[in-house]
Every structure is written in C-alpha cells, then in structure tokens.
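The values are calculated or read from the model by the stated rules, or taken from the named source; none is laboratory data. Being a predicted model, the structure only gives us computed values, none of them experimental. With ideal geometry, Cβ positions are generated from the backbone for all residues, glycine too; neighbour counts draw on all protein chains shown.
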Amino acid sequence: MYGRIPAVTAVAASLVTLCFAQAALAADKPSITVWVDTNRQIPAQAYKDAHPEVDITIDVIDGSQGSNTSKIALAEKANSGIPDVVFLGSPDEISTLAANPINYPVALNDLVPKDILAGFGTTLARCTYDGKTYCLGNDTGQTVFWYNKAQFAAWNYAVPKTFDEFKALGDKLAKEHPGYNLGTVNGRYGVDAFFGSSGCPIIDPSSPTDVKINTTDPKCTRVGDVMGPMIANGSLSTLDLFDKNYTTQVAAGKVIGMIGASWVADFAFKPMTTDAGTDFDAKGKFAAAPMPTWSGETTNWSGAVGGGIWAVSNKSKNTDAAVKFAIAMTAAPEVVKTQTTYPAFGPNAQVWLKAKSSDPWYAEDPGPVLTDAAAKVNPADGYVRYQTQEIDSFNQTVIANGATDMAGALKAWGDQTSQAAQAAGYDVSQ
Amino acid sequence: MPSQSSSRSSRRWRSPGWFFVAPYLVILIAFGIAPAIYGLYQTFEVTSPVGAPYLSLTKNFADVLKDYRLPTASWNVVKYLLIWLPLMLLVVFALALAMDAKRTRFAAITRFVTYVPGAVTGSAAALLWLFMSSPAVSPIGAILRHFVDKSGSFLSDQNFALILAVMGTASGAGGWIVVVYGALVAIPQELIESAVLDGANAWDTVWHIKLPMIRSYIAFILIVSIAQGFQLFVEPTVISQGAGGQVSRTWSINQLVFSYATDQSNYGRASALAILLLVVCVALAVFIITRTRFYSTEER
C-alpha cells in the first residue's frame, strides 16, 4: 500500500507542473470575464470573435433588478469570481455597487479617453460620485408618448401636449371606449416615466449620502392629480407591462398609447402584437409623440425608464482589456449594428436612428422625437441604493390605493421611501 | 454527553454508531453548524454604505425591528398560517380518517391522487398557481374575471395569503395524509374492536381512540408546518416576479431577509432577522411540544 504513494505523488506533481505551464501560456494573453444579459450576448460574442488576442469569458446572467448586485456582493465577499466587466440592466445598482461593503467599480475618468466620455453627454452624470465616473452608458430609456396613430385618427383624438390634456383624453377614452387604456403605471413605468419626468423629489441624491425626498412637493402631487383619476377610470392600467394579463391587452389592440421608454415600442408593443394568435396587427400604426408638458413647466421633460450601463471592476487584473471591452460595447461604431436599444453614446444614436427610420413597423420615423427627448431627461432623478424598495413601496401605496386616496398614498410612499433611504445610509432632507 | 471513564469513551468512539453518523455529521457541520455560527457573528457586524463596518450587539436587531416592512410581512405570514394550518389539518385528518374507516381500493387511489401535487416542487407549483390565478390565461379565468380590479388583475396583497394557503394545502396535504394514514393503520385493531363492543360508534372511536392515539402526529405536523410557514419564500417570490408589482417583493418575512442580503447587501440585518425568525419558530415548537406532551411515553 505504501509503495503506491510515490507513484501518486509523481502523477500529482506532473499535473501541477502541467497546470503551471498552461497558466504561463495563458499569461501572454490578457483574460477577462464579462457578465452580460441575453441581449448583450451578441455584441460581446462579436467582440470576442474579432479580438482573439484577448481571452474573454462571457457569462450570460439573469439581469433582473438586484441580481447582479447580489452576485457581485458575494464574489467580492469571497474575493473570487469577480467579473472584470458587468452590464447592468437596472442602472441604479451602480450606486449600491460603488458603496460599502461591495466597492466594485473602478473610476473611468482617466481610463477612458476624454472625447469618448464627452460623447455620452449628460447621461454619465447619474453614475458620477464626487467627480468620479463609474459607468459607461449602454442605452437610454428616455420616455416619449408612444401612440397608435391609426386609432387616434379613427377616433378623432388629438395627441396631448400637456398632462392636463392627457388626463382629459383619459376621461374621454374611459367614457367612449371602456376597456381601452393609455398605458400602465405599475412600478418603474409609473415612477420613472411620470414622477421622474415631473422631477418629483423621491430619488434625488446630491451626494452618495444625501438625498431629497418630499412627496408632498407640487412636482409630485401634480402627477398624483393626473394618475389617480386615470387609474380610477381605468384609462391607466396598474399591471406590469410584461404581465400576461397586460400583454394580452396589448395584443388585442386595447392599449392605444403609453408614456414609455424608447424601448417600449421595439421590446414590448412590437413583439406583443406580432406573436402568433393575435388578431390585431400593429404594423404601420404606432408613432412617437413628444412628452406632454407638466402644468407649470415650460420644458416637456422626459423620464428615464431603464437604460443599461457598463461598469468595470477595480480589482481587474487586466484593467486595460476590460476598459477597452466596455468602450467597444458602448462607443465603438460597429457595435451599433447589434445594439437593440437607443444608444447612450451620441454619435452612435444618430447611426442607430437612421436604421430605425426605415422600419415599416412604425407609422412614421420616431427619430426626431427620440433625439429630442434624450436631451430632455429630467436631471432631478439619480441612481440610489434604495430604488428597489422605492419601486416596491410605490406599488404598495400609489398603485394599490392611489385611485381612492392619492394624497394619503403619496404620503405613505414618501414615508416608506425615506425609511428605506435612511436604512441605506442616506441623510434625508425634504 | 455525560462524563464517561476514558476506557468507555474510547470504546464509544470505535462503536459502529459513529460510523453511521459520520457522513451526516460532516454535512451538518459544513452546511449547518458552521454557517449558523458565522451567521450569528454576522448579526453583530454593522455595515454602513459609507464608513468602516463595526460591531454592535443590538444595532442590527434594532434596525430590523423598526423596518417599515416588518409589521406588514409578519402580519402576512401570520394570516397565511391562520388560514393554512387549520385548513390543511382539516383536510389531512378528514381524508386520512375517511380512508382508514373505509379501506377500499378507492381509498388507496385517493391516497395516491392527493399525494401527487406534493411531488411538484415549490417553484414549479408556484408558476402553476400563477397561471391559475391570472385571469387572461387561467382555465378558471371566467370565474376569476368576476373578482378582478380595473386593470384585470386578480392577485393582490389582500387575497394573496388565501391563495398561498390553498396552494400550500394542495401541495402539502398529500404527504401528511400518507403519514397520518400510516399512523392510523398502526393502531391496534383490538382497541377499536373492544370500543365497538362497548357500544362506541364510528365518531366515538375517532374522537376517543384514534385522535388521542395519534396526538403526537398533530404536534409533529404543526411543528414542521409552522417552521415551514414562517419560512415561506419560494412561492411568493416566484409569483411576485411573474406578476410584477401585484404582490410585494417583501411579502413574507423570509423575503425581507432575502431583500436585506441581496438588494441591500446588508448581511448583518439579514442574519439578525433570520435569528429572530429562528427564535420565534423554536419558541412555538417548545410551546407545542410541552402542550401536547410530545415526547412523553406514558399513556401510550
């Protein structure tokens, strides 16, 4: 029995040597691990194919709210398996990633060329803390008013220019065509598109530790005044956009408009109405109209629903390769071909829109409206560490009770969000 | 373990008992005891988003107890337990006693049929019930449509406890029916026969012989189910993700624990709430064990 040990040791030793030899070979080639969602897999793979000099491992992971944060938090805690680059479909997660105990991202100010950073315009302001920019924008979720132009013409409805007109349109629709609606306000669709465009101070940080929350502010109550009655008469839905109960309404042509992000047409209305078994064909019917203006405002501010970002690890062993990858995913000219949503990098957005202008699914070219809205995203909102709780609380208060008691619901939402913000380490001011 | 003389204890170490227990012991220590001790340590570590972490005996507990979501989540779980436990016990004992009273082939088939839903795992069952309770796609959608709100949603925080309770009964009762039926079969037939000779009818034997004889099973089901119920997690999580925004992400206490750990990366608070949950479950188990004299071997 003892005689076997040297043989085993020899095998083990040679295995170890082999591993070291392979490691030495691989060391010539920088290796990075990137975490992407399914939509970003295609450009990542294309980059990998075009760059054999870098050893890239692409992990496709669940991009739902909070899942990246929890996975990275665990990897940081274990100090192993930390991705070099990550795509965040819920961009607010960067605020948690940049704070204790995770401290994941590296500041990109000195790693990314200035002219490229400039190409992102103001979109990087949200992930800039104390002058350090921690993200590159993938796409922008600026909101516009998507509407069924053909249906509006058939019923002789005018496109609302203000939110008062939007509310009046809702009243009219509820009376004349019950069962139809002007979109949904569940969760982030209500929070970011409506309260966000209005500039309601709810996720309004001035520093990583200071935030303003005041849902009794006129910028919040004016949203409640529109939303409450419209939820009550059914002209605004409270279902999630991707809830089966709502997709069937979209598929049946019951949704004649929605204040929604740039991606709502391509990623919700288009697939929902072209699936087999729908009796409503939306082709050539939908168009983008400018955001209505909130009463008391002179600018028709836009909100931002989603809009992904890329972040690079501060523990990457190949920071250079990782940053190059992140730049390629956002700002390289060739990435436009595989980008499915409105690019955050300005020069790419124009190329992207050009392709969109000839898409026969739209009633008219949505380009000018989308470009205008992208520059008007209300700067009040930022990325905060309590966004998940804020949106959940919104559903438990405004969505649940807003139709009957909007003032009480808004107050409860503000109170709960303040508590969530304090629990997340913010000093809350009103 | 009581103190032993050294020769006896060394014999004990070589006894086959340890051999059988060892594999489990390894798993217990690696995945049970060690994480629990680490969790207990985490309970006292306070992480703040800015500044260094520090140790505090009470901070995490205090933060957790004043969280605005805890009262709602606790009430949701209590509501669920109050509907689910009586409902399930009723179904389990009614069916098991009926099967025991009439031991026919039909009873055997019923026993099998009630067991089948339990074979579907929690997450799959949750998806199934999500579809069941979505009016647009449910086979009973025509009925649900009478109970929907303006947007066409049936699920809500209000009726969610009831839906989960029905779901929990459907998936959990089958296994217990088999267990209780087994216990009923084990009751000596002479006892029943002599009771019948003394003039007892079917109800009398149930109330005065069968139920008292299987009393400890009621306690066992209660202990296991209460622990299970307090830890309710998979079903509300799957359903709240599938039906976005209709049910809170932190509907149950365990979801709140999960939210601390994932959404907020605050392991200290997550551990603190998990420990509190453990204390409640253990306290309830002790209460039930003492009240039902679970371990007493007298009167048997």
### Query
Taking the range A:186-207 on its own, how many of its residues are buried (at least 24 other Cβ atoms within 10 Å of the Cβ), part of a loop (DSSP other than H, G, I, E, B) and either facing chain B (nearest Cβ under 10 Å) or not β-branched (Val, Ile, Thr) (or both)?
2
### Query
When you look at A:Thr273, is it among the β-branched types (Val, Ile, Thr), within 14 Å of chain B (Cβ to nearest Cβ), in contact (Cβ under 8 Å) with a residue 12 or more places away in the chain and assigned to a helix (DSSP H, G or I), yes or no?
no
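Among the listed residues B:Leu222, B:Leu256, B:Leu273, which satisfies the condition of being among the aliphatic types (A, V, I, L, M), crowded, with 18+ Cβ neighbours inside 10 Å, assigned to a helix (DSSP H, G or I) and under 13 Å from the mean Cα position of the chain (by Cα)? It would help to see each step written out before you state the result.
Working: B:Leu256 fails: under 13 Å from the mean Cα position of the chain (by Cα); B:Leu273 fails: under 13 Å from the mean Cα position of the chain (by Cα).
Sole residue among the options that is among the aliphatic types (A, V, I, L, M), crowded, with 18+ Cβ neighbours inside 10 Å, assigned to a helix (DSSP H, G or I) and under 13 Å from the mean Cα position of the chain (by Cα): B:Leu222.
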### Query
Under the condition of being outside any helix (DSSP H, G or I) and in contact with a helix residue (DSSP H, G or I) (Cβ under 8 Å, 6 or more places away or on another chain), which residue from the range A:316-331 is surrounded by the fewest Cβ atoms within 10 Å (Cβ to Cβ)?
A:Ser316
#### Entry: the range A:378-413 - residue that is within 11 Å of chain B (Cβ to nearest Cβ) and assigned to a loop (DSSP other than H, G, I, E, B) and, of those, farthest from the chain's Cα centre (by Cα)
A:Ala403
### Task
Kindly indicate which of A:Asp84, A:Asp164 is out of contact with any Cys (no Cβ under 9 Å at 6 or more places or on another chain), among the charged types (D, E, K, R), modelled with pLDDT of 95 or more and buried (at least 21 other Cβ atoms within 10 Å of the Cβ).
A:Asp84
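Quick grid of which residues meet (1) in contact with an Asp or Glu (Cβ under 6 Å, 6 or more places away or on another chain); (2) assigned to a loop (DSSP other than H, G, I, E, B):
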residue	(1), (2)
A:Asp59	no, no
A:Gly63	yes, yes
A:Lys71	no, no
A:Ala75	no, no
A:Pro91	no, yes
A:Thr96	no, no
A:Asn103	no, yes
A:Asn109	no, yes
### Task
May I ask you to list the residues in the range A:66-84 that are among the aliphatic types (A, V, I, L, M) and under 24 Å from the mean Cα position of the chain (by Cα)?
A:Ile72, A:Ala73, A:Leu74, A:Ala75, A:Ile82
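Filter the range B:193-210 down to residues that are free of Cβ contacts under 8 Å to residues at least 12 places away in the same chain and either basic (Lys, Arg) or assigned to a helix (DSSP H, G or I) (or both) and give me whichever is farthest from B:Ala165 (Cα to Cα). Break it down stepwise before answering.
As a first pass, look at the range B:193-210 and keep what is free of Cβ contacts under 8 Å to residues at least 12 places away in the same chain: B:193-194, B:196-201, B:203-204, B:207.
Those left that are additionally either basic (Lys, Arg) or assigned to a helix (DSSP H, G or I) (or both): B:193-194, B:196-197, B:203-204, B:207.
On the way: B:Glu193: 38, B:Ser194: 40, B:Val196: 37, B:Leu197: 41, B:Trp203: 28, B:Asp204: 31, B:Trp207: 27 Å.
Once the filter is applied, the top-ranked residue is B:Leu197.
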### Message
Looking for something surrounded by fewer than 14 Cβ atoms within 10 Å (Cβ to Cβ) and small (Gly, Ala, Ser) - is there at least one such residue anywhere in the range B:39-52?
### Response
yes
### Query
So which residues in the range B:225-268 are within 13 Å of chain A (Cβ to nearest Cβ) and of a type in the set (Val, Ile, Thr)?
B:Thr237, B:Val238, B:Ile239, B:Val247, B:Thr250, B:Val257, B:Thr262
### Task
Go through (1) closer than 19 Å to B:Ser259 by Cα; (2) surrounded by fewer than 24 Cβ atoms within 10 Å (Cβ to Cβ); (3) of a type in the set (A, V, I, L, M) and name the single condition A:Ala421 misses.
(2)
### Query
Since A:Asp49 meets every condition but one in (1) surrounded by fewer than 18 Cβ atoms within 10 Å (Cβ to Cβ); (2) at positive phi; (3) not hydrophobic (A, V, I, L, M, F, W, C), which condition does it not meet?
(2)
### Task
Specify the residue that is modelled with the lowest pLDDT; the eligible residues are those in the range A:206-259 that are within 25 Å of A:Ala288 (Cα to Cα) and among the acidic types (Asp, Glu).
A:Asp243
### Query
Which one is surrounded by the most Cβ atoms within 10 Å (Cβ to Cβ) among residues in the range B:97-122 that are within 16 Å of B:Ala183 (Cα to Cα) and among the hydrophobic types (A, V, I, L, M, F, W, C)?
B:Met99
### Query
Of the numbered conditions (1) in contact (Cβ under 8 Å) with a residue 12 or more places away in the chain; (2) part of a helix (DSSP H, G or I); (3) more than 13 Å from the chain's Cα centre (by Cα); (4) more than 19 Å from B:Tyr68 (Cα to Cα), B:Val279 satisfies every one except a single condition; which is it?
(1)
### Query
Of all the residues that make up the range A:238-247, how many are crowded, with 24+ Cβ neighbours inside 10 Å, touching a helix residue (DSSP H, G or I) at 6+ places or on another chain (Cβ under 6 Å) and either outside any loop (DSSP other than H, G, I, E, B) or more than 7 Å from every other protein chain (Cβ to nearest Cβ) (or both)?
1
### Message
Only one of B:Ala125, B:Ala94, B:Ala142 is surrounded by 13 or more Cβ atoms within 10 Å (Cβ to Cβ) and at pLDDT 80 or above. Can you tell me which?
### Response
B:Ala125
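Being over 21 Å from A:Ala265 (Cβ atoms), assigned by TED's automatic domain parsing to the domain that holds A:Ala322 and acidic (Asp, Glu) is true for just one of A:Asp210, A:Asp115. Which residue is that?
Numbers: A:Asp210 fails: assigned by TED's automatic domain parsing to the domain that holds A:Ala322.
Being over 21 Å from A:Ala265 (Cβ atoms), assigned by TED's automatic domain parsing to the domain that holds A:Ala322 and acidic (Asp, Glu) holds for just one of A:Asp210, A:Asp115, which is A:Asp115.
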### Task
Inspect the range A:118-128 for any residue being assigned by TED's automatic domain parsing to the domain that holds A:Ala328, modelled with pLDDT under 90, of a type in the set (A, V, I, L, M) and out of contact with any strand residue (DSSP E or B) (no Cβ under 8 Å at 6 or more places or on another chain) and give the result as yes or no.
yes
### Task
Count, please, the residues in the range B:21-75 that happen to be more than 11 Å from every other protein chain (Cβ to nearest Cβ) and among the β-branched types (Val, Ile, Thr).
8
### Query
In the range A:208-237, which residue that is away from chain B (no Cβ under 14 Å), hydroxyl-bearing (Ser, Thr, Tyr) and over 27 Å from A:Leu173 (Cβ atoms) is surrounded by the fewest Cβ atoms within 10 Å (Cβ to Cβ)?
A:Thr216
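So, of the residues in the range B:29-55 that are assigned to a loop (DSSP other than H, G, I, E, B) and modelled with pLDDT under 90, which turns out to be nearest to the chain's Cα centre (by Cα)?
Within the range B:29-55, the subset assigned to a loop (DSSP other than H, G, I, E, B) is B:44, B:47-53.
Among the residues that remain, those that are also modelled with pLDDT under 90 are: B:47-53.
Working: B:Thr47: 31, B:Ser48: 34, B:Pro49: 35, B:Val50: 38, B:Gly51: 39, B:Ala52: 38, B:Pro53: 35 Å.
Taking the candidates together, the pick is B:Thr47.
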